[in-house]
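The values are calculated or read from the model by the stated rules, or taken from the named source; none is laboratory data. Everything numeric in this text was worked out from a predicted model, so none of it was measured. Positions of Cβ are generated from backbone atoms using ideal geometry, with glycine treated the same way; all protein chains shown enter the neighbour counts. Heads up: the accessible areas ignore ligands, DNA and RNA and are worked out on the full protein's heavy atoms, side chains in. Shrake-Rupley method; radii C 1.70, N 1.55, O 1.52, S 1.80 Å.
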Amino acid sequence: MKIFSTDSSLYIFLQRLWDILQVNFMWVLFSLPIVTVGASTAAAFKVCQHMADDREGYVVREFIKEFKENIKQGSVVGLISLVAVYSLYLDLQLFIKADKGQPVFLLVSLLSGLLFSVCIIYAYPLLVRYKNTLGRIMGNAFKIYFRYIGRTIIIMLIVTVEIVLIFFNKTTIFIGILIGPACIIYTIAGMTLRIFTDIEKNGEASY
């Protein structure tokens, strides 16, 4: 029957779902030491970029390969992301508890949130797509973030909806544990890939 053929929409959907399940499992497994969460996230982004570009192969094998290749820079970006998240949480707590709410804490919270979103939306995708120094990667991430601010906002809105759906109830939380992080990474990887393609078409090889 056509519905079970390799060209059917159902087969393609199930294959992609299986790939996402594998990416999610590998991401969780390789993130367990915490210090490797950056390299694990970088590997997941690379695999998801290939999936978005219909070039995926053996997910587990490719994940391990990319994890090894991005262990140094990925770990640094991961550390920056973790520091940004902790700073965001801490400053928001201080802002809430401070007498009359000190604006400086709110400002630092906004800057921390900006740094984290830059890392997640652009730094990781840039890291695994282009060979560059970490300084250039972060600089280009900020540049693209604001240059394509409209698309950046759309990405953040879609990811926010995904997060809300994941925490909607106990069932969605269970599903989110199985595929949530990988779905978010796949969404970002696919949307940023279009931006990078536009940049490459315009001959902006500095990225």
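Here are some notes:
- For the chain, built as a Gaussian network whose Cα springs stay under 10 Å, the top-fluctuating residue of K68, K170, K143: K170
- Overall, the accessible surface of segment 126-207 at a probe of 1.4 angstrom is composed of carbon and sulfur to the extent of 71 percent.
- Between 0 and 90°, nearest 10: helix 37-52 axis offset from the chain longest Cα axis: 40
- Correct choice for mean projected area of the Cα convex hull in nm² that was computed from the model, options [x] 20.8; [y] 15.5; [z] 13.8: [z]
- Solvent exposure of segment 1-96, expressed per residue, is 60 Å² of accessible area, with all protein chains present and a 1.4 angstrom probe.
- Average accessible surface area per residue within segment 134-188, 1.4 Å rolling probe, Å²: 59
- Whole-percent carbon and sulfur share, accessible surface of segment 36-102, 1.4 Å: 62
- Label sites at L114 and V83, each approximated as a point 7 angstrom past Cα along Cα to Cβ, lie 1.7 nm apart.
- Lysine pair count for the chain with Cα-Cα distance under 24 Å and sequence separation of 8 or more or different chains is 13.
- Euclidean distance of C-alpha centroids, segment 100-151 and segment 22-64, integer Å: 21
- Ratio of Rg to Rh over segment 1-93 (Cα coordinates, Kirkwood Rh, two decimals): 1.13
- Restriction of the chymotrypsin sites (Phe, Trp or Tyr not before Pro) in segment 127-194 to DSSP coil positions whose beta-carbon has at most 13 other beta-carbons within 10 angstrom yields F167, F168.
- A simple rule links phi to the HN-Hα coupling: the Karplus curve 6.51 cos²θ - 1.76 cosθ + 1.60 with θ = phi - 60°, which for segment 137-148 gives 4, 5, x, 5, 4, 5, 4, 5, 3, 8, 5, 10 Hz, with x for Gly and Pro.
- Comparing A189, A44, A52 in a Gaussian network model of the chain where C-alpha atoms under 10 Å apart are linked, the largest mean-square fluctuation is found at A52.
- Helical contribution to [θ] at 222 nm, DSSP H n ≥ 4, -39,500 (n - 2.57), averaged over the chain, rounded to 500: -26500 deg cm²/dmol
- Ranked by the mean number of other Cβ atoms within 10 Å per residue, highest first, peptides 11-24, 110-123 order as 110-123, 11-24.
- Hull volume per residue, based on the alpha-carbon atoms of segment 29-76 and their convex hull, is 59 Å³.
- Residue-wise HN-Hα coupling along segment 71-77, computed from phi with Karplus coefficients 6.51, -1.76, 1.60 (Hz; x: Gly, Pro): 4, 6, 5, x, 5, 5, 4
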